Structures are given as structure tokens and as C-alpha cells.
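A short reminder: the numbers here are calculations on the coordinates, not readings from a lab. This structure is a prediction, so every number in the text was calculated from the model and none was measured. We place every Cβ from the backbone using ideal geometry, glycine too, and count neighbours over all the protein chains shown.
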Amino acid sequence: MKIKEFIKGKLIWLTEEVPIREAVKIFIENKIDGAPVVDADFKMKGLFTKSHVYRAIEQELDLQTPVGRVMTRDGFIIGHPEEDIDDVIFPGLGRLPVVDDEGRVIALITRTDLAGVFYNSYQILASQLDTIIDSTHNMIIATDCEGRIKVFNKASERMLDVKSEEVRGRPIVEIFPNSGLPATIRTGAEKPLQKITLNGRNFISNRSPIKKDGEIIGAVAVLQDISELENISQELKYVKELNEELDAIIESSFDGLYISDGEGKTLRVNKAFEMIMGISRDEFLDKNVEDIEKEGLVSESVTFLTLKKRKPVTIIQEAKTGKITLATGSPVYDKKGNIFRVVCNVRDITELNLLRQRLEQAEGLSQHYESQLRTLKLQFIGSSNMIINSSSMRDILEVVNRLAQVDSTTLITGESGTGKELIAETIHRYSSRKDEPFIRVNCGAIPDNLLESELFGYEYGAFSGARQEGKPGFFELANGGTLFLDEIGELPINLQVKLLRAIQSKEIMRVGGEAVKKIDVRIIAATNRNLTEMVKTRAFREDLYYRLNVVPLHVPPLRDRREDIPPLISHFVQIFNRKYNMNKRVAAEVIDLLMGYNWPGNVRELENLIERMVVVTPHDAINKEDLPFQFDQNALDQSTQVLVRSVIPLREAIESTEKQLLEQAYKNYRTTRQMAGALKVNASTIVRKAAKYGLNVRE
């Protein structure tokens, strides 16, 4: 239907200068709840509705405020008289302004008009559905939750010899005692492919419960008459068994089998033939043996020679892959003495080489599957704390799997709270050193004057207070295992030299000692600092940086892998529910809000928040009202955040921010004076900045 068919009555319109109070009066007098706002040429400027009135009252605006200050200026749908209304309306659309070819407003279609459209569409759809159900060849019978018939199509009328009008509303057990629908309603279980007998005929019945909002409101059965099909099925079953037997014989043959018709056209080859020749059957099927020989797939076709000589032929045959085979062709004659099949038997005469290749292939597959199993084990059962859903973290998991198989020094970088220590622990857990110690050292948490003795140990008398028996350092404690140096960027410059020597020579010397001790330690370092910049400023030794950065591994921040947030939330909720013996759950709206948060503290911040909400929230359901203020929807509005995605020159960042603020203010305010008031600067500053960035603002 065209939009013009829905235009009714006179058009009530407003201008931007009309006060809200006057607009309300117009709405009451004309019994409407909205009107288009137009200019002097009746061009559409906006839409003002009772929702805007409520909003103005809520915000305690002066009702003398012009409607242009609060109306909706964009985002609404506009229609034209000749358009099909189905092309422009959708569920949720409240009103549809209609304009002519020159953009002048000529009508406003209301909710009532649109409701009529939806009702007509529903009637058409219902009619089409009834037609489809009645047109199907199979019986369709549906009941309500009490087992009373609601749908009884034409096929059911024919099969049961009863009219639909006579059975609708009656219990199904009276018309169709063995339908099984009451049991389906009672149990809620689907029953596909159930064979039943009705009026002396066999049917296949598919029974399913009808559910709405998780509640069973009825059941439906679709029945197909299979009486005639069963007779044909018995005949086909015998033919199928013969074919399966023939296929099994051909495919189970250790020798390669190649079969053609009496004209030399390839009909079939078995798997052994493919394996022996090293060529896919697709390159042979439906091709003539002469063409196969011309294309060089084989050096000489034994089938062609058999057809030519009309007797069995045996030759040495070479495939294009270099395989050497012994091929024998045998003709098969029909009752008239004509060749209608040629069966070729192909046997590999380099069987030992083939077996060796199979063994190598099996070993390669074994290694491949072993690697895949390690990766899957890491992802699904490796650590109860590694919750991974994003592609970036799955890529990291694959790298972790490979790193676990070697002893390369690894440098893990990433923001604080991203889980660098967990990555290091996982590498150790799945390495050959898993049964040896995993020692964690936070280089930023130990005072500089104690760090050397903690790392390398000390001998008696090295300093006042030293124990008589001395003390082994972390390197010695981690011998045979893994030493995780967290916050490596905090390591004092004087210790960096000694650490470099220990990594290079795999030797250490205790503080105050003279004996050199051999060590076998894998080093994994981690930092949230930019070591490259620290090297440039000489805050970190370049040679140590390259010694640590043998295999770099960067863990992205949580904001760059938001797919991990929902499973992490679920994981932490389960942990703290078990820890505090609670049964809290997180509402979907909360997850949506947390997905929009920037997470400067990454996974650690998320974990702390979930623990806080589980402990503090008095009810089982954690809703958005229970979140701290910084997770409020307005606080998460991107228009009020300045997000830093990369490092750029400070001047460029300032200019970009200034320009965006001016553009936003220009959208929200009418004059430079209003813009200046909102931005807390002089109006002259607004004019100067607008000229700088090429913005045409109003004085």
C-alpha cells in the first residue's frame, strides 16, 4: 500500500519559535500527541511530541521555551506519498512525517495508522500460513496444552475422512487415539520418526512440543504416508545391499582396481588405486583411457591395450607421480560376446618405499596431533584461571604452547593486570621443567640494596646480619626450573650487568663469595614499561634487552579483547560464589555496561569489581544499580571520554581534542556565546579557534 492511502485529516504543524506551553494546548485541542516542526517553506525541521513535553517538565524547563530547543532534529524516518509503506515502517516506529517532492511536510501518519498497517500485515500473513499448511501433502495436526485440536489441515481431512470444522476444539484422543500428542505435551520431549498405523495405513510421525517463552502451550504432529514407499523400500534395500557388498569388495581390495566400460570410459577406481598411483580419482573418472594416456597421467594405458587386443594384458606402468606399478587388464564380455567392462588390477612394486612413506606420514600426523592436543589442553583444562574467548588470546595460547616445548628466554609485555604472570606460569607448567621449581620475583617490590642478594644469594660475612650458613638466591632455588622476573623494567642498572652475565654464561656468584656456581634456569621476564624507550634513554641496558627479548610475547589489554569479558565475569562469579558460599548472578545489562568500560586495571580490576559486587550486593541478582558510579551508562558514554589509542605528538593530540570539542559544542548550541559558556572560555576564543579549524560558527 502507498503512504498516500494513509493520509487522513488536516495537518497540525508547529514552528521552532512556538513555546512548549502553546504546543501542549494545540495537542490537547486537536487530540494529538505529536506534530512536525517546519520552517516558513513548510520544510521539515524536526519532530515535537508529548515525550518532549514530559522531558521538559522533568528537567524543570520553562514552558515558554521554544519547541526548537528540545525537539528531535534528526534520526526520524521520513516518507513520501508514492512510497510503499512496508518499505519505511518497522516495529518501534511511532510516527511517520510525510513530505512531497520538494521536501514540504504534508502529513503526519500516527501510531493508530501504523497499527492498522501491522494488523493488515498480520491478517495477510495468517492467511498465507493457513494456505501453506492446507497445501502441504503431509498431515499436520496441532493441539493446545489441554490436548484439544487447533490445526487440522486438508491432508488430515482426506486421510481421516473428517472435516476440520467437526474436529476443531475436540480432544485429540477422540479423533486420533494413538497420535502420541498428549504424551508430548506432558513430557515436552520431541519424538521424531515414529511409525504409527492409522486406518490400515502406515505413517511416519514427527511429534514436537509447541513452546512459547519456555512454556509448553501445545503440540504438533506431522505425518507422512509411507505404505507405498515401504514396498519400494524392500526392493531398494536388496539392491542397496548388493551395491554395498560390491563396494565393500572393491574398496577392501589391497590391490588397486580400475574399471572402465567397453568404450574405454572410466567408471570407477578404488581407494587403493588412488594410494598406489598417487593421483586423485577425480582425474580419471568419466575420462577415456586414450585421453588419460595423452594427458600423461600414465605412461601407457593397460585398458586401451586390453580393448585393442581383446584379451588380458599385463604391463609395467608408470604414473605421472613417478610411481612404478604392475598393471593387468582383464576384459569382461556380455552374452553377445562384446566387451562391456575392463577390470584393471594395479599393484605397487615399490611396496617397501610405500610402507616407509606411510610410516613417516603417520609420525608427522602424530606430531601434528600431539601439538594440537597440547594447545587444546592448554585452552580447556590447562588452567582454571585462563579464560580465553578472543582470537588475540587464542593466538597467544598457540605461541605459549610452542614456547613450552623449548627453553628460549621470553619477554612478556603488557599493561598491569593483563595476566603476564599467569602466562609465564602456564609456559612452565607445560614445559619439560614442569616438575621443577617455578620461582616468582617482583623486581619492583624488593629494595635495591637487597635485590642482588635475593637474586644471587650471599655467603657468610657478606654484610652485617648475614646468616652464618649463607643463603641461596632465587637463581639457585630455581635451578632446573623457571625463574620469572616480573617488573624487569624496575631492575637497577647496576644489577642489569650481573643479570646479563648470568643469562649468557649460565653461571652466578653469591654476594661475598668467590666460587662460581653453574645454573640451569629458564628465564621468563615481564614488564608493563616500554623497554625500547628505556633503552633509548639509557635507563635499561641495550644488550640485556636483546638478551631477554629472544621471544617477545605481548598480552593485549582487556579493552582490546572485549570478547573475553563475559566469560571472565562468569568465571569470577563462580569463584567468589564458591569462596563465600553465595549464589549471585550478573544481569545481562550489567555485562553490557562492563563491555563498554575501558578497564584501565585490566583483568585484575575486573576480578576485584566482581568480588566486591558478590560480597556487597544484598540480593542474588547483580543489576546495573549495584555498580559503582563510574560504571553508570552516562559515565560510559563515549562522547564524554577521551580515549588514547596510540602515542602521537602532544600538539597534534591537543589540536584534535580542541577540534572535536568545538564540533560537539557547535552541534549542541546556537551561538558562539552559548558555546563559550559551555566550554568556559571567552567568545573571542571560540571565534579564533573555529577559524583555525575551518568551522563556520554563528556569532
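Annotation: amide H of Glu16 within the under-5 Å range of Val38, sequence separation 5 or more or interchain, hydrogens built in the peptide plane.
A cut-off under 9 angstrom between Cβ atoms defines the neighbours of Thr184, and their net charge, with Lys, Arg +1 and Asp, Glu -1, is +2. In the chain, a dipole from Cβ-located charges (positive for Lys and Arg, negative for Asp and Glu) runs towards its positive end, and of Ser505, Asn668, Ile648 it is Ser505 whose Cα lies farthest in that direction. For trypsin sites (Lys or Arg not before Pro), the sites in the range 1-75 that DSSP calls loop and that have at most 15 other Cβ atoms within 10 Å are Lys8, Lys10, Lys31, Arg73. Couplings 3J(HN,Hα) for the range 310-316, derived from phi with the Karplus relation 6.51 cos²θ - 1.76 cosθ + 1.60 (θ = phi - 60°), are 6, 7, x, 9, 10, 9, 8 Hz, where x marks Gly and Pro. With the alpha-carbon atoms of the range 137-225 aligned to their principal axes, the span from lowest to highest coordinate is 35, 28, 21 Å, starting with the largest.
Scaling the Cα radius of gyration of the range 256-349 by the globular reference 2.2 N^0.38 Å produces a ratio of 0.97. Taken along the Cα-to-beta-carbon direction at a fixed 7 Å, the label points for Phe254 and Glu22 span 10.3 nm.
Normalised by 2.2 N^0.38 Å, where N is the number of residues, the alpha-carbon radius of gyration of the range 505-630 equals 1.59.
Dividing the alpha-carbon radius of gyration of the range 294-349 by the rule-of-thumb value 2.2 N^0.38 Å gives 1.19. Extent of the range 1-74 along its three principal axes (Cα atoms, max minus min coordinate, largest first): 43, 25, 19 Å.
Please report the equivalent ellipsoid semi-axes of the range 133-185, computed as sqrt(5 x eigenvalue) of the Cα gyration tensor, largest first, in whole Å. Numbers along the way, then the final one.
Numbers: eigenvalues 59, 25, 20 Å².
So the three semi-axes of the range 133-185 are 17, 11, 10 Å.
Could you check how many percent of all C-alpha pairs in the range 650-692 are farther apart than 17 Å? Distances greater than 17 Å cover 23 percent of the Cα pairs.
Note on the chain: dipole from Cβ charges, positive end direction compared against Gly147, Ala539, Ile349; the farthest Cα belongs to Ala539.
With the radius of gyration and the Kirkwood radius both derived from the Cα set of the chain, what is their ratio Rg to Rh? Mind showing how you got there, number by number?
On the way: Rg = 40.3 Å, Rh = 36.4 Å.
The Rg/Rh ratio comes out at 1.11.
What shape does the range 203-260 take by its C-alpha gyration tensor, where a ≥ b ≥ c are the square roots of the eigenvalues and a/c under 1.5 counts as rounded, a/b above b/c as prolate, and the rest as oblate?
Cα axes put the range 203-260 in the oblate bin.
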